[in-house]
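Asks: Pasting a structure below so you can have a look.
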Amino acid sequence: MKSESSSPASTRLGMLLLVSGPSGSGKTTLCRRAADAGLASYATSCTTRAPRPGEVHGTDYFFLSTDEFKQKISDDDLLEYAEVHGNFYGTLKSEVFTHIEAGTDVVMDIDVQGAEQIRNCDDPIIQQALVELFVMPGTEAELRARLTGRGTDSDEIIETRMKNSLEEMEHWDKYTYLLLSSDRETDYQKFQAILSAEALSVSRLLD
Ligand code: 5GP
């Protein structure tokens, strides 16, 4: 047992787990499920994309007009933003800092361009909090089946997403963790294992 002067700190910074992977890799489901189970807070993004049937403003995304999105950029409200599949997507600072500073873990769904911006940002809190995961779909056929299976996107949108997905998959080696997707339960067990192990990391302990 350690002496009192060198005992471990009792408070910690929350982790910021970035989750990337092609559309249809199942990454949003993993993040949502962990948040619903109370394991982490889900950082709801802003987007200029139109809501899909059933999507709720403030829960799935903050759905903004292009002007509203540009206002968020000029107000410096975004930690990062990128154009993905022809629409803007961005992370609100307010969805991240309050939580991680209070010791709550945050999970976020983000494309490879946004992840690159956060990876290169010089904010020391973000750098200390950062963990990155890439979710790789099993096969190309599976990816197509998942994109088609949503039943909400047109053939044209599916083709754009398929093409972008294949490009996105080339970036997996920049991430801390790689999850090769199999079935949803196995994927979730692995996802939980990453959250559990990273929650024990000494690197985020505070004095
Ligand atoms: P979808 O339209 O299918 O909800 O999302 C499309 C893509 O946008 C996904 O690859 C997702 O990871 C990405 N995305 C979602 N939120 C954000 C965000 O806040 N920032 C960035 N850069 N990408 C995001």
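The values are calculated or read from the model by the stated rules, or taken from the named source; none is laboratory data. Keep in mind that this is a model prediction, so the values were computed, not measured. Glycine also receives a Cβ, built like all others from the backbone with ideal geometry; neighbour counts cover every protein chain displayed. When the accessible area is computed, the model is the full protein with side chains, heavy atoms only, and any ligands, DNA or RNA have been set aside. Shrake-Rupley method; radii C 1.70, N 1.55, O 1.52, S 1.80 Å.
Asks: What aspartates and glutamates sit close enough to Lys190 to cross-link, taking a C-alpha to C-alpha distance under 19 Å and skipping anything fewer than 8 places away on the same chain?
Replies: The qualifying aspartates and glutamates are Asp36, Asp105, Asp109, Glu132, Asp173, Glu198.
Asks: Pulled fully out, how much extra length does the chain show between Ser65 and Lys174, if you take 0.36 nm times their separation in residues and subtract their Cα-Cα distance?
Replies: Contour length minus the Cα-Cα distance gives 36.0 nm.
Asks: So if I place +1 on the C-beta of Lys and Arg and -1 on the C-beta of Asp and Glu, and nothing else carries charge, what would the dipole magnitude of the chain be about its Cα centre? I want it in debye, nearest 20.
Replies: 520
Asks: Would you please classify the overall shape of the stretch 53-146 from the alpha carbon gyration tensor, given that a ≥ b ≥ c denote the square roots of the eigenvalues, rounded means a/c under 1.5, and beyond that prolate means a/b larger than b/c while oblate covers the rest?
Replies: oblate
Asks: Also, I was wondering about something else. Normalised by the number of residues in the stretch 8-200, what is the relative contact order in percent for Cα pairs under 8 Å and 6+ residues apart?
Replies: In percent, rounded to a whole number, it is 33.
Asks: Angle, helix 155-168 long axis vs. longest principal axis of the chain, Cα atoms, 0 to 90°, nearest 10?
Replies: Helix 155-168 and the main axis of the chain meet at about 40 degrees.
Asks: Count charges around Arg150 for me, please; just the other residues with Cβ under 11 Å from its Cβ, Lys/Arg as +1, Asp/Glu as -1.
Replies: Overall, the nearby charge balance is +2.
Asks: Which of the peptides 63-76, 103-116 is most tightly packed, and how do the rest follow, going by the mean number of other Cβ atoms within 10 Å of each residue?
Replies: 103-116, 63-76
Asks: Per residue, how much accessible surface does the chain expose to a 1.4 Å probe? Answer in Å², no decimals.
Replies: On a per-residue basis, 52 Å².
Asks: In whole Hz, with x marking every Gly and Pro, tabulate ³J(HN,Hα) for the stretch 79-89 from phi via Karplus 6.51 cos²θ - 1.76 cosθ + 1.60, θ = phi - 60°.
Replies: Karplus values, whole Hz, x for Gly and Pro: 6, 7, 7, 7, 9, 10, 6, x, 10, 8, 9.
Asks: Take peptides 137-149, 45-57 and line them up by average Cβ neighbours within 10 Å, highest first, as a rough protection proxy.
Replies: 137-149, 45-57
Asks: A further question on this structure: Quick check on the chain: of the DSSP beta bridges with both residues there, what percent are antiparallel, nearest 5%?
Replies: Within the chain, antiparallel bridges account for around 35 percent of the total.
Asks: Carbon and sulfur atoms: what percent of the 1.4 Å accessible area of the chain do they account for?
Replies: Summing carbon and sulfur atoms, their accessible area is 52 percent of the total for the chain.
Asks: Oh, and also: On C-alpha positions alone, give me the angle between the axis of helix 140-149 and the longest principal axis of the chain, in degrees, nearest 10.
Replies: 80
Asks: Which percent of the Cα-Cα distances in the chain go past 31 Å?
Replies: Everything past 31 Å amounts to 19 percent.
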